[in-house]
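> This is the structure I have questions about; it appears just below.
The values are calculated or read from the model by the stated rules, or taken from the named source; none is laboratory data. Quantities reported herein were computed from a predicted structural model and do not represent experimental measurements. Virtual Cβ from ideal backbone geometry, glycine too; neighbours counted across all protein chains shown. Heavy atoms of the whole protein, side chains included, go into the accessibility calculation; ligands, DNA and RNA do not. Shrake-Rupley method; radii C 1.70, N 1.55, O 1.52, S 1.80 Å.
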Amino acid sequence: MPCKRFHVVENAVRFSFMTGTEWWRTAVIYQIYPRSFADANGDGMGDLAGITGRLPALRDLGIDAIWLSPFYTSPQHDAGYDVADYCDVDPIFGSLADFDTLVRTAHELAIRVIVDLVPNHSSSDHPWFQAALAAPEGSAERAHYIFREGKGEMGELPPNNWESVFGGNAWTRVTNPDGTPGQWYLHLFDTTQPDFDWDNEWVRAQFRGVLRFWLDRGADGFRVDVAHGMIKAAGLPDYTAPVEGGSMGGASVLEPGIIAEWAETAPYWAQGGVHEIYRDWRLVLDEYPGQRILAAEAWVDPLRRVAEWVRPDEMHQAFNFAYLETPWSGPALRRVVDDSLEAFSAVGAPSTWVLSNHDVVRHASRLALTAENLQGHGIGPKTAGLPDPVVGLQRARAATALMLALPGSSYLYQGEELGLPEVIDLPDASREDPTWFRTNGERYGRDGCRVPLPWEGSAPSYGFGPTSASWLPQPAGWGALARDAQDGVAGSTLELYKLALRLRREHALGLGSVEWRGGFGDEVVHFRNGGVVVVANTGTEPIELPAGELLLDSEPIAGRTLPGDTTAWLRA
């Protein structure tokens, strides 16, 4: 059942903004989590029409592209990352016509549209998997997924000891039509997300069709979920992860050093065969005008290995999770910037920079957490050492000002421009992340960073939709953080983002380079990028700024004194 190709009329003529050379090298890309961005019909769930209606606000913010988390047909066991139809829109988000309208409107506003692609696994509701369950062992249908015989006298034990990213066993046993126990299938994530067998050419052909389906409709590229997965080591050998139930799939941020150990050894991550897939996909994208791109979610370390995903004939970008995981520390930040620029430039690719996304604790809270409380499984009421919201926001503003001054491409997560913190006190009964359920509430999961956005402080659901409904409860007090409460207000986090993005464009910082400067202690990050000097004070002691006109300050500066947890841009 391949995707039926359909060429949208507007695609016959690409827009003038598409003609820029390698736009993705310097782009600021804004992630939209459709469930939580804007609700047009009042059912409490964000939708494509809601996104379209709010696109002018993103144009005013100054971003270059949006990345849409999954909106495909799905039973929503994992918020759409369990796809039941790769070539249609789930009714809760709208229709294909709504998608076409969104793309057309975005292009009219000179905003590109990146679609999330989930190729490691499908939903267990997908017709392909249902056909596999109905087919006998050894059939072509079963070969589209990873089915194996169990161990033990009666096959009662799973084929190996792999654990799911979400906790628990990575294998589920099926029941035969006659009621007897059958084979086991692999799911590195939830039970409802069976892994494809990417050694199967039929699977590869289906996904070429998926790519073309969305490219035909005007998509400007794809963010690829779990881009370090898909290929598993031959024989599926046993493996015990360094941290029980850890991530590497985007479900969490791990302890320092764990990524390197896991990515280098795990038989289900970062296998060499994944690169053949992306070389094949790159050929498909290169058939289309307008420089369509591939961006990898590859939880791999060290950075030199991440760079393997963005070699000239593979993907265009890879998320820099090493940067996201770096603590608010001068020495650590200088080191990761150097390592990033060295690793990506070695293969002719731009570095990317990111501080928040839909899988991690928002950086307005995370940067005020201690290392021992940053286990990456979300935070909640019982988390020890909860973050100070004032410290967290100040560091987040300073960290963003530093990030947006770096050369390359930056990613923003919806709501960070409002300074939104992680929502910590969600009621247990409201939680939806499978991590919460598969660990019996031991890990809070990712719901706290996915709460619907506040647009208007005095409106129902803070303007998220026309009614008071929202699929996750919004905290009291978010009215002060709403977009309309910050728009045009000097010193607000929204205005800080607008200014930083405008200056970034005016000074072509995305095309620049980092020239390190000294003169301060270890806790101060000091560099020049083109015509802008950046000084970020990650310590507690104030310093005197060097000479130069002040262009931007993440917190109000008295005279020439830069306090701790503050970043300033100066005209060189």
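> For residues that are farther than 28 Å from LEU188 by Cβ and modelled with pLDDT of 95 or more, scanning just the range 426-456, find the one that is most open to solvent (accessible area, probe 1.4 Å).
GLU456
> A further question follows. Just checking, which of SER247, SER252 is modelled with pLDDT under 95, out of contact with any Phe, Trp or Tyr (no Cβ under 7 Å at 6 or more places or on another chain) and open to solvent by less than 10 Å² (accessible area, probe 1.4 Å)? Full working, then the answer.
On the way: SER247 fails: out of contact with any Phe, Trp or Tyr (no Cβ under 7 Å at 6 or more places or on another chain).
SER252 is the lone residue from the list that is modelled with pLDDT under 95, out of contact with any Phe, Trp or Tyr (no Cβ under 7 Å at 6 or more places or on another chain) and open to solvent by less than 10 Å² (accessible area, probe 1.4 Å).
> Same structure, new question: When the residues of the range 508-562 are filtered to those that are more than 25 Å from PHE344 (Cβ to Cβ), in contact (Cβ under 8 Å) with a residue 40 or more places away in the chain and of a type in the set (Gly, Ala, Ser), which remaining residue is most open to solvent (accessible area, probe 1.4 Å)?
By that ranking, first place goes to GLY521.
> How many of the residues in the range 418-470 are more than 20 Å from the chain's Cα centre (by Cα) and on the phi > 0 side of the Ramachandran plot?
Final tally of qualifying residues: 5.
> Select the strands (runs of 3 or more DSSP E) contained entirely in the range 20-135, then report the ones holding at least 1 residues which are of a type in the set (A, V, I, L, M, F, W, C) and over 18 Å from the mean Cα position of the chain (by Cα).
Numbers: elements: 28-32, 65-68, 85-89, 112-117.
Output list reads 85-89.
> Where residues in the range 189-227 are open to solvent by 10 Å² or more (accessible area, probe 1.4 Å) and of a type in the set (Gly, Ala, Ser), which of them is farthest from ILE293 (Cα to Cα)?
Going through the qualifying residues, I end up with ALA205.
> Now, a different point. Cβ contacts < 8 Å: first residue without any contact (Cβ under 8 Å) to a residue 24 or more places away in the chain, restricted to the range 472-493; second residue part of a helix (DSSP H, G or I) and surrounded by fewer than 18 Cβ atoms within 10 Å (Cβ to Cβ), any location; separation 6+ or different chain. Result?
ASP487/GLU495; GLY488/GLU495; VAL489/GLU495
> Restricting attention to the range 380-406, which residues are part of a loop (DSSP other than H, G, I, E, B), open to solvent by less than 10 Å² (accessible area, probe 1.4 Å) and of a type outside the set (A, V, I, L, M)?
We begin by selecting, within the range 380-406, every residue part of a loop (DSSP other than H, G, I, E, B); these are 380-388, 404-406.
Those left that are additionally open to solvent by less than 10 Å² (accessible area, probe 1.4 Å): 380, 404-406.
Selection gives GLY380 alone.
> It is to be established whether one or more residues within the range 119-135 are under 19 Å from CYS87 (Cα atoms), modelled with pLDDT of 95 or more and of a type in the set (D, E, K, R). Before you say what the answer is, go through the steps one by one.
Within the range 119-135, the first condition is being under 19 Å from CYS87 (Cα atoms), and the residues that meet it are 119-131.
Subsequent filtering for residues that are modelled with pLDDT of 95 or more retains 119-131.
Next, only the ones that are of a type in the set (D, E, K, R) stay: 125.
Yes; the residues of the range 119-135 include at least one that is under 19 Å from CYS87 (Cα atoms), modelled with pLDDT of 95 or more and of a type in the set (D, E, K, R).
> Suppose we keep only residues that are in contact with a Phe, Trp or Tyr (Cβ under 9 Å, 6 or more places away or on another chain), of a type in the set (Val, Ile, Thr) and not in a loop (DSSP other than H, G, I, E, B) within the range 276-304. Which one would you say is farthest from ASN320 (Cα to Cα)?
Ranking the candidates gives ILE277 first.
> Would you mention how many residues in the range 144-188 are open to solvent by 60 Å² or more (accessible area, probe 1.4 Å), hydrophobic (A, V, I, L, M, F, W, C) and not in a loop (DSSP other than H, G, I, E, B)?
Looking only at that region, the number is 1.
> Another question, then. Would you mention how many residues in the range 286-320 are within 15 Å of ASP338 (Cα to Cα) and open to solvent by less than 10 Å² (accessible area, probe 1.4 Å)?
Residues flagged as within 15 Å of ASP338 (Cα to Cα) and open to solvent by less than 10 Å² (accessible area, probe 1.4 Å) within the range 286-320 amount to 3.
> Got at least one residue in the range 204-216 being farther than 23 Å from VAL174 by Cβ, of a type in the set (Phe, Trp, Tyr) and not in a helix (DSSP H, G or I)? Steps first, answer last, please.
Of the residues in the range 204-216, the ones farther than 23 Å from VAL174 by Cβ are 204-205, 207-216.
Next cut, of a type in the set (Phe, Trp, Tyr) only: 207, 213-214.
Filter once more, keeping what is not in a helix (DSSP H, G or I): none.
Checking the range 204-216: not a single residue is farther than 23 Å from VAL174 by Cβ, of a type in the set (Phe, Trp, Tyr) and not in a helix (DSSP H, G or I).
> Now for a separate question. Taking the criterion of being open to solvent by less than 40 Å² (accessible area, probe 1.4 Å) and touching a strand residue (DSSP E or B) at 6+ places or on another chain (Cβ under 7 Å), would at least one residue in the range 482-501 satisfy it?
So in the range 482-501, the residues open to solvent by less than 40 Å² (accessible area, probe 1.4 Å) come out as 482-483, 486, 492-494, 496-497, 500-501.
Narrowing the set further to residues that are touching a strand residue (DSSP E or B) at 6+ places or on another chain (Cβ under 7 Å) leaves 500-501.
Yes - at least one qualifying residue is present in the range 482-501.
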